[in-house]
Amino acid sequence: MKFNTKTIHGGQSHDPAYGSVMPPIYQTSTYAQSTPGGHKGYEYSRTHNPTRNALENAFASIENGKFGLAFGSGLAAIDAVIKLLQPGDEVISTNDLYGGSYRLFTKIFEGFGIKFHFIGMENASEIESYVNANTKLIWVETPTNPMMNIIDIKAISTIAKKHQILLGVDNTFATPYLQQPLDLGADIVMHSATKYLGGHSDVVMGALVVKDKDLAERLYFIQNASGAVCGPQDSFLVLRGIKTLHIRMQRHCENGKVVAEYLANHSKIEKVYWPGFESHRNHKIAKDQMNDFGGMVSFTTKGNNYEDAIKIVEKFKYFTLAESLGGVESLSGHPASMTHASIPKEEREKTGVVDSLIRLSVGIEDIDDLIQDLEQAIG
Ligand SMILES: *Cc1c(COP(=O)(O)O)cnc(C)c1O
């Protein structure tokens with residue numbers, strides 16, 4: 001089955017009761033038993049729910065995995081991955097990481113005796129100097145947020161396999177439409193399904209997909225034992241979202257390209273971060289491992305003035321100033337005062353998060369309206 005069919009049919013079967021084409025929303029916590037243990041495969045909805053299972057099968061299908069798991073948020077999904085580890089274990093992670101993941105690692109799991117190394121991974125070979133007998137997991141985000149660095153998943157997986165370390169990839173920004181980490185050697189793919197998979201800014205959810213049965217069983221155990229599952233309504237919404245993932249992503253990529261090129265030619269813009277530019281320092285890897293370049297674009301203004309950037313984001317009409325990304329509507333963010341505000345100025349500027357940096361999640365509106373909005377806001 002090809003990807004554009006998998007988003008619609010992957011892992012799905014019509015409901016046996018009445019043949020409903022979409023899985024019913026099984027809004028139930030429990031299931032009747034005829035005799036103790038006499039049930040139809042479902043006992044309690046923390047453990048299993050038919051609507052959630054339909055979604056989990058869709059997750060597995062679109063990421064070319066075998067087993068999917070749905071969680072109450074992206075962070076709950078990452079939380080489950082780290083619970084595979086024991087005190088004393090070490091994790092090597094991307095440094096330009098989603099802020100919430102960084103917070104989870106440092107403020108929760110470091111307290112439980114797990115050690116994290118945050119490093120630049122654009123040069124994969126640099127990882128090896130951080131590997132020791134305690135290293136159990138490499139955690140990668142690509143493209144990174146908000147600087148749009150690209151990390152070579154295949155090169156990292158070669159190192160992970162050599163040392164028998166699990167490789168997890170946060171595929172939230174790219175989605176399986178653009179890149180399929182399991183095919184590139186990753187062991188675990190993670191999503192904030194809140195973003196592109198859901199796609200309509202109406203639900204918070206997380207996903208994991210794996211190929212290996214033992215690993216899946218350990219994660220299912222954690223999912224049930226820790227209990228950070230999502231409800232059937234939300235499962236239905238994300239399942240519905242996934243059905244249009246491929247056409248939404250196609251338009252996100254088309255609009256993202258036009259927006260990136262418009263900004264690059266604008267006299268008031270200093271720098272545009274978008275992996276589709278040949279001048280982007282990881283363009284070659286992006287071209288090899290991604291099918292297209294996505295709808296996330298970051299830029300800075302000339303003079304790098306904090307107030308200029310604030311004025312622009314305040315003026316936007318369609319690029320709504322808001323946290324999050326990946327919905328049908330365009331959004332803008334000002335990392336220095338929003339997502340990265342808690343990082344000292346000197347620290348954030350080292351990775352490129354300067355005062356005038358603006359991040360756009362380019363939506364699927366008419367491109368003429370989006371360009372007009374940029375024009376009136378930037379001037
Ligand atoms: C949003 C996000 C998360 C966290 O997901 P939630 O659904 O908000 O818990 C993790 N990684 C990335 C890249 C994200 O954008």
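The values are calculated or read from the model by the stated rules, or taken from the named source; none is laboratory data. A quick note: this is a predicted structure, and the numbers were derived from the prediction, not measured. Here the Cβ positions follow ideal geometry from the backbone for every residue, glycine too, while neighbour counts run over all protein chains shown. Accessible surface is based on the protein model in full, side chains and every heavy atom, while ligands, DNA and RNA are left aside. Shrake-Rupley method; radii C 1.70, N 1.55, O 1.52, S 1.80 Å.
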Checklist outcome for this item: If you go through 207, 225, the only one that is in the same structural domain as residue 171 (by TED's automatic domain parsing) and either on the phi > 0 side of the Ramachandran plot or touching a Phe, Trp or Tyr at 6+ places or on another chain (Cβ under 6 Å) (or both) is 207
Checklist entry - Which of the residues belonging to segment 168-177 are more than 11 Å from the ligand (Cβ to nearest atom) and assigned to a strand (DSSP E or B)? => result 168
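Quickly run through segment 186-196 and pick out the residues that are within 10 Å of the ligand (Cβ to nearest atom) and either open to solvent by 10 Å² or more (accessible area, probe 1.4 Å) or closer than 20 Å to residue 228 by Cβ (or both). Lay out the reasoning, then the answer.
Keep residues of segment 186-196 that are within 10 Å of the ligand (Cβ to nearest atom), which gives 190-196.
Within segment 186-196, 190, 191, 192, 193, 194, 195 qualify.
Could you tell me which of the residues 269, 312 is more than 28 Å from residue 197 (Cα to Cα) and crowded, with 22+ Cβ neighbours inside 10 Å?
On the way: 269 fails: crowded, with 22+ Cβ neighbours inside 10 Å.
Answer to the check: 312.
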Checklist entry - Cβ-Cβ below 8 Å, separation at least six or inter-chain, first residue in segment 71-89 and aromatic (Phe, Trp, Tyr), second open to solvent by less than 10 Å² (accessible area, probe 1.4 Å) and within 13 Å of the ligand (Cβ to nearest atom): which pairs? => result 71/77; 71/80; 71/205; 71/206; 71/207; 71/208
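Taking the criterion of being farther than 21 Å from residue 215 by Cβ, at pLDDT 95 or above, in a helix (DSSP H, G or I) and of a type outside the set (Val, Ile, Thr), would at least one residue in segment 49-56 satisfy it?
Within segment 49-56, the first condition is being farther than 21 Å from residue 215 by Cβ, and the residues that meet it are 49-51, 54.
So of that shortlist, the ones also at pLDDT 95 or above come out as 49-51, 54.
Now narrow it down to the ones that are in a helix (DSSP H, G or I): 50-51, 54.
Right, trim to of a type outside the set (Val, Ile, Thr) and you get 50, 54.
Checking segment 49-56: at least one residue is farther than 21 Å from residue 215 by Cβ, at pLDDT 95 or above, in a helix (DSSP H, G or I) and of a type outside the set (Val, Ile, Thr).
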Item to check | Subset of segment 348-379 [within 24 Å of the chain's Cα centre (by Cα) and free of Cβ contacts under 8 Å to residues at least 12 places away in the same chain] | outcome: 349, 350
Checklist entry - Just checking, which of 215, 137 is surrounded by 20 or more Cβ atoms within 10 Å (Cβ to Cβ) and either away from the ligand (no atom under 14 Å from the Cβ) or of a type outside the set (Phe, Trp, Tyr) (or both)? => result 137
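Counting only residues that are among the aliphatic types (A, V, I, L, M) and more than 17 Å from residue 48 (Cβ to Cβ), which one in segment 18-27 is surrounded by the most Cβ atoms within 10 Å (Cβ to Cβ)? Walk me through how you get there before you give the answer.
Filtering segment 18-27 down to residues among the aliphatic types (A, V, I, L, M) leaves 21-22, 25.
Filter once more, so that each one left must be more than 17 Å from residue 48 (Cβ to Cβ): 21-22.
Details: 21: 7, 22: 14.
Only one residue tops the list, namely 22.
Rundown of residues vs (1) modelled with pLDDT under 95; (2) part of a loop (DSSP other than H, G, I, E, B), yes/no style:
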| position | (1), (2) |
| --- | --- |
| 323 | yes, yes |
| 335 | yes, yes |
| 341 | yes, yes |
| 346 | yes, no |
| 365 | no, yes |
| 368 | no, no |
| 376 | no, no |
Next on the checklist: Every residue in segment 254-266 that is surrounded by 15 or more Cβ atoms within 10 Å (Cβ to Cβ) and free of Cβ contacts under 8 Å to residues at least 60 places away in the same chain, please.
Outcome noted: 257, 260, 261, 264
Checklist outcome for this item: Counted residues in segment 140-167 being open to solvent by 10 Å² or more (accessible area, probe 1.4 Å), in contact (Cβ under 8 Å) with a residue 60 or more places away in the chain and not in a loop (DSSP other than H, G, I, E, B) come to 2
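So in segment 57-99, with the set limited to residues that are assigned to a helix (DSSP H, G or I), open to solvent by 10 Å² or more (accessible area, probe 1.4 Å) and touching a Leu at 6+ places or on another chain (Cβ under 7 Å), which one is nearest to the ligand (Cβ to nearest atom)? Don't jump to the end; show me each part of the working.
At the first step, the residues of segment 57-99 found to be assigned to a helix (DSSP H, G or I) are 57-62, 74-82, 99.
Next cut, open to solvent by 10 Å² or more (accessible area, probe 1.4 Å) only: 57, 61, 75-76, 79, 99.
Filter once more, keeping what is touching a Leu at 6+ places or on another chain (Cβ under 7 Å): 75, 79.
Details: 75: 4, 79: 9 Å.
Here the residue is 75.
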Next on the checklist: For segment 109-134, which positions are surrounded by 15 or more Cβ atoms within 10 Å (Cβ to Cβ) and assigned to a loop (DSSP other than H, G, I, E, B)?
Outcome noted: 114, 121, 122, 131
Next on the checklist: When you scan segment 287-294, do you find a residue that is open to solvent by 40 Å² or more (accessible area, probe 1.4 Å), within 16 Å of the ligand (Cβ to nearest atom), in a loop (DSSP other than H, G, I, E, B) and not small (Gly, Ala, Ser), even just one?
Outcome noted: no
